[in-house]
Amino acid sequence: MQTVTIKIVNRSDNPLPTYSTSGSAGMDIRADLKDPITLEPLQRCLVPTGLFIELPHGYEAQIRPRSGLAINQGITCLNTPGTIDSDYRGEVKVILINLSAEQHIISHGDRIAQMVINKVETAQLLLVEELSDSIRAEGGFGHTGKN
């Protein structure tokens, strides 16, 4: 695994994001709240983290749901994965939605999402009149069947 250095400002009293295990792809990030947020069923909200990052050019941070929150409480991230570009300097915030039938309370310090750092490539688009054939062709959206 390659390591990249990322500058971070933490304006919360929460610990810095960390990897839970040596094999984790994402770092857990926490809510930075003055007051708890009550998230009603099907309600969404923007949760501040108190974190500001400076990614090296050619990298992005993706904000992704935490699997435990998703399966156990029905809480997930909208706009998933959320992309933080290398030139963004604002606060990292997480869009959460409650997909359960029960209200959910988000408290200060709760682990609300995970952040994955990825290297990205810049694409150069080449305008053409047609594309080459492939076995799949235009098949999509379930074209390979149920099993």
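Provide Glu91, Glu40 in ascending order of the number of other Cβ atoms located within 10 Å of each residue's Cβ, fewest first.
Glu40, Glu91
If I stretch the segment between Asp85 and Asp35 completely, what's the gain in nm (0.36 nm per residue apart, minus their alpha carbon distance), one decimal?
Working it through step by step, the gained length comes to 15.1 nm.
Taking every pair of distinct Cα atoms and averaging 1/r, then inverting, what Kirkwood hydrodynamic radius in Å comes out for the chain?
In the chain this quantity evaluates to 17.6 Å.
Looking only at Thr83, Thr122, Thr18, which one moves most when the chain is put into a Gaussian network model with springs between Cα atoms under 10 Å?
Its mean-square fluctuation being the largest, the pick is Thr122.
Output wanted: per-residue J couplings in Hz (rounded whole) for region 118-129, from phi through Karplus 6.51 cos²θ - 1.76 cosθ + 1.60, θ = phi - 60°, x for Gly and Pro.
Residue by residue, region 118-129 yields 10, 7, 10, 9, 9, 9, 10, 7, 10, 6, 10, 8 Hz.
Length gain on complete extension for the stretch Gln103 to Tyr19, per 0.36 nm per residue less the alpha carbon to alpha carbon distance?
27.4 nm
Say we join alpha carbon atoms closer than 10 Å with springs in a Gaussian network model of the chain; which of Ala137, Ala31, Ala101 then has the biggest fluctuation?
Ala137
Along the Cα-to-Cβ line of Ile8, 7 Å from the Cα, sits a label point; which residues in region 44-69 have backbone N less than 14 Å from it?
Counting only backbone N, you get 49-56, 61-64.
Which of the chymotrypsin sites (Phe, Trp or Tyr not before Pro) found in region 47-140 are loop residues per DSSP with 11 or fewer other Cβ atoms within 10 Å of their Cβ?
Sites meeting the loop and neighbour criteria: none at all.
Sequence gap at least 6, Cα distance under 8 Å: using those rules, report the relative contact order of the chain to the nearest whole percent.
Value for the chain: 30 percent.
For Arg30, what residues show an amide H to amide H distance below 5 Å, using hydrogens built from the backbone and excluding near sequence neighbours?
Excluding prolines and chain starts, which carry no amide H, the hits are Ile112.
Which whole-Hz couplings ³J(HN,Hα) result when phi for each residue of region 48-62 is put into the Karplus expression 6.51 cos²θ - 1.76 cosθ + 1.60, θ = phi - 60°, listed in order with x for Gly and Pro?
Once θ is set to phi - 60°, the couplings for region 48-62 become x, 10, x, 9, 9, 10, 10, 7, x, 4, x, 10, 9, 10, 10 Hz.
For region 1-68 and region 87-124, what is the separation of their Cα centres, given in Å?
Centre-to-centre (Cα) distance: 6 Å.
So who's got an amide H within less than 5 Å of the one on Leu39, skipping anything under 5 residues away but keeping other chains? H placed 1.01 Å off N, in plane.
Here the answer is His104, Ile105, Ile106, since their amide H atoms fall under 5 Å of that of Leu39.
Can you compute 3J(HN,Hα) from phi for each residue in region 23-36, using the Karplus curve 6.51 cos²θ - 1.76 cosθ + 1.60 with θ = phi - 60°, rounded to whole Hz and x for Gly and Pro?
Listing the rounded values in order: x, 5, 8, x, 9, 6, 10, 10, 6, 10, 10, 7, 10, x Hz.
At a 10 Å Cβ-Cβ cut-off, how would you order Leu99, Leu69, fewest neighbours first?
By the 10 Å Cβ count, ascending: Leu99, Leu69.
Every number in this text was worked out from the coordinates using simple rules, so none of it is lab data. Remember, predicted model here, so these are calculated numbers, not experimental data. Cβ sites come from the backbone with ideal geometry, for glycine too, and all protein chains shown count toward neighbours.
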